[in-house]
Amino acid sequence: MLHRDVADGVHQIGEHFLNWYLVEEGGRLTVVDAGLPASWRSLLGALEGIGRAPGDIEALVLTHAHFDHIGFAERARAELSIPVWVHESDVPLTKRPWLYMSERSPFAYLGRKTLPIVASFVRAGAPRVGPIREVRRFGDEGTLDLPGSPRVLFTPGHTLGHVALHLPERDAVITGDALVTHDIYTDIRGPRIVARGATADSERALASLDRLADTGAGTLLPGHGEPWTGGAEQAVKEARQAGIL
């Protein structure tokens with residue numbers, strides 16, 4: 001479902017218990033994350049909903065390369081010639097998105113509450129997610145010369161190359177899975193890091209929250225869960241209190 005202007009010129013597509021985003025500037029677009037394969041139809045629908053076309057997309061930037069964030073990335077690259085950008089430390093993961101590191105087996109979290117989430121992922125084509133054949137790399141910091149001028153916040157822990165994207169002029173941060181408001185592994189809501197079942201280094205993930213708090217942004221836009229409008233510092237405080245599961 002398309003939610004327009006969750007921050008100034010930033011549109012959220014929320015579906016299948018995950019979110020990805022369109023960032024507008026001067027008639028051009030940056031896509032942030034790529035959902036699951038079924039999200040391709042959502043992309044086309046969202047573009048129509050905001051009066052844009054596929055040709056208006058300048059780039060697709062990944063917060064990280066887990067399978068539920070790269071769903072249509074290769075299709076966008078191959079069919080629309082849209083470059084896919086990713087932190088250099090997550091490039092290997094773009095080639096093997098199902099073989100990522102975690103501190104605990106994800107199957108340890110399966111239960112009555114999480115089965116609907118798993119079923120939704122399967123219906124949206126999660127088993128079909130494959131590698132991205134070609135990507136463009138960026139490093140730990142700097143501003144990407146793309147619509148929205150996203151500033152890279154290196155937030156490793158969930159993956160080794162995880163980043164959040166700060167949009168200072170929009171008072172917002174797209175947090176990816178560095179901080180979520182719905183942990184789909186435990187089905188717990190509220191600001192937190194993702195459970196050990198999908199996180200490479202929880203201690204480092206908690207430390208990376210400092211980068212989010214330091215922005216002072218009013219709005220956080222997570223990869224899972226509802227947007228947070230209570231300020232970055234409060235969200236980080238609550239995420240630390242939630243701890244590691």
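The apolar share of the surface of region 160-236, taken as the fraction of accessible area on carbon and sulfur atoms (1.4 Å probe, ligands and nucleic acids excluded), comes to 43 percent. Using R0 = 30 Å, the C-beta based FRET efficiency linking residue 210 and residue 4 works out to 0.45. Once each of the GluC sites (Glu not before Pro) sitting in a DSSP loop with at most 16 other beta-carbon atoms within 10 Å is removed, the chain keeps 142-245 as its longest stretch. Between the exposed loop cleavage positions of the chain, defined as trypsin sites (Lys or Arg not before Pro) in a non-H, G, I, E, B DSSP state with at most 14 neighbouring beta-carbon atoms within 10 angstrom, the longest gap is 134-245.
Extension gain, residue 118-residue 234: 0.36 nm per intervening residue step, less the Cα-Cα distance, totals 38.7 nm. Taken over region 131-245, the alpha-carbon convex hull comes to 105 cubic angstrom per residue. Taking the 1.4 Å solvent-accessible surface of region 1-40 as the whole, the part contributed by carbon and sulfur is 52%. Per-residue ellipticity at 222 nm, computed for the chain from helices alone with -39500 (n - 2.57) per DSSP H run of at least four residues, works out to -7000 deg cm²/dmol.
For the chain, the solvent-accessible area of protein heavy atoms averages 41 Å² per residue (probe radius 1.4 Å; ligands and nucleic acids excluded). Per-atom-type breakdown for region 60-105 gives carbon and sulfur 51% of the accessible area (1.4 Å probe, protein chains only). Spherically averaged projected area of the convex hull of Cα atoms, region 94-184: 7.6 nm².
What does the C-alpha gyration tensor say about the overall shape of region 173-227? Classify as rounded when a/c is under 1.5, otherwise prolate if a/b is larger than b/c, or oblate. Oblate shape, in that a/c is at least 1.5 and b/c is the bigger or equal ratio.
Looking at the P(r) of region 16-110, how many percent of alpha-carbon pairs lie beyond 22 Å?
That fraction is 29 percent.
Segment residue 143..residue 187, full-extension length gain: 12.5 nm, with 0.36 nm per residue of separation and the alpha-carbon distance subtracted.
In plain terms, the chain from residue 244 to residue 169 could stretch by 23.8 nm, reckoned as 0.36 nm per residue minus the Cα-Cα distance.
Which net charge results when you count Lys and Arg as +1 and Asp and Glu as -1 among the other residues whose beta-carbon is under 9 Å from that of residue 29? Overall, the nearby charge balance is -2.
With the simple spin-label model, which puts each label point 7 Å out from Cα in the Cβ direction, the residue 103 to residue 88 separation comes to 2.7 nm.
May I ask for log10 I(q)/I(0) of the chain at q = 0.07, 0.08, 0.14 Å⁻¹, from a Debye sum over the Cα atoms as equal point scatterers with solvent left out? After summing over all Cα pairs, the log10 values are -0.19, -0.25, -0.83.
The values are calculated or read from the model by the stated rules, or taken from the named source; none is laboratory data. Bear in mind that the values here come from a model prediction, so they are computed numbers and not experimental data. Using ideal geometry, Cβ is built from the backbone for each residue, glycine included, and neighbour counts are taken over all protein chains shown. Side chains are part of the model used for accessible areas, which takes the heavy atoms of the whole protein and leaves out ligands, DNA and RNA. Shrake-Rupley method; radii C 1.70, N 1.55, O 1.52, S 1.80 Å.
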